[in-house]
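The values are calculated or read from the model by the stated rules, or taken from the named source; none is laboratory data. Bear in mind the structure is a predicted one, so any value in this text is a computation, not a measurement. In this analysis, Cβ positions are derived from the backbone assuming ideal geometry, glycine residues included, and neighbour counts consider all displayed protein chains.
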Amino acid sequence: MAQKHAIIIGAGLGGLTAAIKLQEAGHTFELLDRNPKVGGTWYENTYPGVACDVPVALYQLSFAQSINWTRAYPQGPEIQAYAEEIADRYQLRPHMHMNDAAVSAEWDEKSKTWTVKTEGGKTFKGDVLVGALGQLNRPSWPDIEGLESFRGDKMHSARWDHSVSLEGKRVGVVGSAASAVQVIPEVAKIASHLTVFQRTPNWVTPRRDVPITPQEQALMFTEPETAMDLGQRNRQLIYDNADHFFWKVFEWTEAGREAYTTIATNHLNEQVKDPELRKKLTPDYPVGCRRILISDDYFPALERDNVELVTEGVVSVNETGATTSDGMHRDFDVLIFATGFETTGWNWSVDVKGLKGKHLNEEWADHPEAYAGITVADFPNLFILYGPNTNLGHNSITFMLERQVEYMVKALLTLDEKSADAMMPKKSAQDRWNNEIQAQLQKTVWADPACNSWYKTEDGLITQNWSSHTRDYAKAVAEVKADDYELA
């Protein structure tokens with residue numbers, strides 16, 4: 001097989017997977033990342049309580065299992081350490097260029113190569129460009145009047161400032177979604193008073209996280225092969241439950257809707273005794289419409305004497321604090337914004353330029369789309385990981401990343417078999433793919449008129465999520481259909 005040289009942008013789990021599998025297939029690569037360490041989102045997010053909401057048995061890569069975990073749901077630092085572990089295990093470091101952000105990538109039709117330039121002034125050339133930048137890595141700050149005038153400390157949860165002590169401070173947290181439900185219980189333990197500003201309540205289900213003690217780890221190390229086998233079987237059980245039963249919530253079946261509405265409602269009722277607080281925490285939209293949160297300690301944190309839940313929105317900030325829509329002003333020492341990430345804009349930090357002078361950010365400005373969520377018309381030999389319409393609400397994104405990397409490796413084999421140097425999807429094939437999945441998405445909970453979420457564009461197009469369970473995605477990308485591509 002003809003060897004290709006790939007430039008991979010992003011050293012999170014997706015980029016590392018691409019590097020490993022390209023290397024195993026006989027290709028060469030260079031791996032670029034703006035951060036000094038690998039791990040992507042797990043390097044960047046260091047707020048108190050940061051953790052994965054997928055069990056570690058399912059979240060870790062299927063081909064790179066570890067038995068070094070200390071909890072059933074992995075903590076952020078452990079996942080970052082796991083990324084370091086696999087970078088070493090697969091000897092990726094000689095090909096890594098860290099702490100230097102890629103700023104542009106341009107396709108040269110004559111030489112059939114990509115040229116990538118970095119902030120540090122370096123230039124890299126390759127036959128293949130792999131975009132492993134992820135979807136959720138650009139913090140979203142709310143547009144609040146006077147925010148810059150605040151004299152206290154302020155930070156976004158995704159860019160945590162560890163130099164700021166919260167001990168004994170009056171703290172305000174704006175936001176109540178995935179990051180917030182992890183950080184709020186930790187802040188509540190040390191702040192003198194914590195105010196949580198909630199715009200929209202979320203459906204929350206039990207986490208049931210348990211520690212894996214050093215004694216249990218030592219026991220597993222006595223028979224590591226058996227431990228790995230048990231881990232693999234446990235992984236399959238978790239996967240099957242998620243892909244067959246949890247998916248029914250989003251497929252919008254009556255059984256799935258009723259089951260998880262009941263699970264979440266019971267969890268709320270069991271953990272929150274104050275009826276007024278329960279009322280504030282009860283969503284008025286269908287379960288599954290927004291990301292279902294998984295937590296055992298969020299609701300109890302809100303019942304602490306030093307914690308207040310405010311449902312009136314913050315309309316302005318001045319030097320001393322924040323004012324809500326009811327006119328009430330509260331003073332704070334620290335403001336924390338757990339307000340998520342830029343999503344539907346798909347404004348990559350790298351300017352990717354393909355054929356006909358087209359820029360990917362401009363092509364994706366209104367309605368981002370790709371063929372199989374991986375390749376894009378007019379951008380030859382560009383392979384995207386975690387691209388448009390590949391996000392999940394019910395299963396592990398690492399499953400999708402592995403299927404996408406497998407597809408890329410098969411695509412490069414197709415190039416070799418067809419004696420071609422470059423490939424990109426035909427626009428007609430890309431349109432057909434997206435028309436089909438948009439039709440399927442209309443049957444899901446995300447299409448419900450009562451459902452407003454970051455999964456949709458302003459005009460209601462669902463550009464983030466995959467339209468079915470992951471078994472269907474695996475089947476859809478199991479082979480490369482050469483007839484859907486322009487080869488050159």
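Go through the residues of segment 288-310 one by one and say whether even a single one is of a type in the set (Asp, Glu), closer than 30 Å to Lys443 by Cβ and either surrounded by fewer than 19 Cβ atoms within 10 Å (Cβ to Cβ) or in the same structural domain as Pro388 (by TED's automatic domain parsing) (or both). Don't jump to the end; show me each part of the working.
Narrowing segment 288-310 to residues of a type in the set (Asp, Glu): 296-297, 303, 305, 308.
Filter again for closer than 30 Å to Lys443 by Cβ, leaving none.
Taking every residue of segment 288-310 in turn, none turns out to be of a type in the set (Asp, Glu), closer than 30 Å to Lys443 by Cβ and either surrounded by fewer than 19 Cβ atoms within 10 Å (Cβ to Cβ) or in the same structural domain as Pro388 (by TED's automatic domain parsing) (or both).
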Close pairs from segment 1-28: first farther than 14 Å from Leu385 by Cα, partner basic (Lys, Arg) and assigned to a loop (DSSP other than H, G, I, E, B), Cβ under 6 Å, at least 6 apart:
His27/Lys4
When segment 335-386 is checked residue by residue, the ones that are within 30 Å of Ile184 (Cβ to Cβ), at pLDDT 95 or above and either touching a helix residue (DSSP H, G or I) at 6+ places or on another chain (Cβ under 8 Å) or among the small types (Gly, Ala, Ser) (or both) are Ile336, Phe337, Ala338, Tyr386
Which of (1) out of contact with any strand residue (DSSP E or B) (no Cβ under 6 Å at 6 or more places or on another chain); (2) under 26 Å from Glu417 (Cα atoms); (3) not polar (S, T, N, Q) does Lys4 not meet, given it meets every other one?
(1)
The condition from (1) hydroxyl-bearing (Ser, Thr, Tyr); (2) surrounded by fewer than 20 Cβ atoms within 10 Å (Cβ to Cβ); (3) in contact with a Ser or Thr (Cβ under 6 Å, 6 or more places away or on another chain) that Thr70 misses is numbered (3)
Just one listed residue, out of Glu308, Glu303, is without any contact (Cβ under 8 Å) to a residue 40 or more places away in the chain and touching a Leu at 6+ places or on another chain (Cβ under 9 Å), and it is Glu303
Output the residues belonging to segment 197-222 that are surrounded by 15 or more Cβ atoms within 10 Å (Cβ to Cβ) and touching a strand residue (DSSP E or B) at 6+ places or on another chain (Cβ under 8 Å).
Phe197, Gln198, Asn202, Trp203, Val204, Thr205, Arg207, Asp209, Ile212
Answer yes or no as to whether Gly175 is surrounded by fewer than 20 Cβ atoms within 10 Å (Cβ to Cβ) and out of contact with any His (no Cβ under 9 Å at 6 or more places or on another chain).
no
Give segment 5-25 a look and list any residue that's under 18 Å from Gly134 (Cα atoms) and of a type in the set (S, T, N, Q), or say none.
Thr17
Please list, ordered by first then second residue, the pairs with beta carbon atoms under 7 Å, 6 or more apart or interchain, first in segment 281-293 and within 14 Å of Trp247 (Cα to Cα), second charged (D, E, K, R) and crowded, with 18+ Cβ neighbours inside 10 Å.
Val287/Arg257
Do you know which residues across segment 29-39 are among the charged types (D, E, K, R), in a loop (DSSP other than H, G, I, E, B) and closer than 18 Å to Leu385 by Cα?
Asp33, Arg34
Count of residues meeting criterion [surrounded by fewer than 19 Cβ atoms within 10 Å (Cβ to Cβ) and in contact with a helix residue (DSSP H, G or I) (Cβ under 6 Å, 6 or more places away or on another chain)] in segment 256-267:
0
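Of the residues that sit in segment 224-244 and are under 22 Å from the mean Cα position of the chain (by Cα), over 13 Å from Tyr59 (Cα atoms) and free of Cβ contacts under 8 Å to residues at least 24 places away in the same chain, which one is surrounded by the most Cβ atoms within 10 Å (Cβ to Cβ)?
Going through the qualifying residues, I end up with Asn241.
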Pairs please, first residue from segment 130-152 and charged (D, E, K, R), second anywhere and not in a loop (DSSP other than H, G, I, E, B), Cβ atoms under 8 Å, 6+ apart in sequence or on different chains.
Arg138/Phe341; Glu145/Val315; Glu145/Ser316; Glu145/Val317
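Would it be correct to say that Asp416 is of a type in the set (D, E, K, R) and not in a loop (DSSP other than H, G, I, E, B)? So that I can check it myself, show each step before the final result.
Details: of a type in the set (D, E, K, R): yes; not in a loop (DSSP other than H, G, I, E, B): yes.
Yes.
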Mind checking which residues of segment 379-407 are of a type outside the set (Asp, Glu) and part of a helix (DSSP H, G or I)?
Ile397, Thr398, Phe399, Met400, Leu401, Arg403, Gln404, Val405, Tyr407
Could you tell me whether Trp107 is among the aromatic types (Phe, Trp, Tyr), within 28 Å of Arg233 (Cα to Cα) and either modelled with pLDDT under 95 or buried (at least 20 other Cβ atoms within 10 Å of the Cβ) (or both)?
no
Which of the residues that make up segment 430-447 are loosely packed, with under 14 Cβ neighbours inside 10 Å and part of a loop (DSSP other than H, G, I, E, B)?
Gln442, Lys443
Scanning segment 30-44 residue by residue, those surrounded by fewer than 23 Cβ atoms within 10 Å (Cβ to Cβ) and touching a helix residue (DSSP H, G or I) at 6+ places or on another chain (Cβ under 6 Å) turn out to be Glu30, Asn35, Lys37, Tyr43
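Among the strands (runs of 3 or more DSSP E) confined wholly to segment 130-207, which include 2 or more residues that are within 22 Å of the chain's Cα centre (by Cα) and over 30 Å from Ala105 (Cβ atoms)? Reasoning before the result, please.
Details: elements: 153-156, 170-174, 193-197.
Counting at least 2 such residues, we get 170-174.
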Given the conditions (1) crowded, with 20+ Cβ neighbours inside 10 Å; (2) farther than 26 Å from Gly256 by Cβ; (3) touching a helix residue (DSSP H, G or I) at 6+ places or on another chain (Cβ under 7 Å), every one holds for Phe332 apart from (3)
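Could you please find all residues in segment 63-83 being assigned to a loop (DSSP other than H, G, I, E, B), in contact (Cβ under 8 Å) with a residue 24 or more places away in the chain and under 18 Å from the mean Cα position of the chain (by Cα)?
Selection gives Tyr73 alone.
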Selected residue (criterion: nearest to Gly175 (Cα to Cα)) from residues of segment 140-154 that are surrounded by 13 or more Cβ atoms within 10 Å (Cβ to Cβ) and in contact with an Asp or Glu (Cβ under 8 Å, 6 or more places away or on another chain):
Ser140
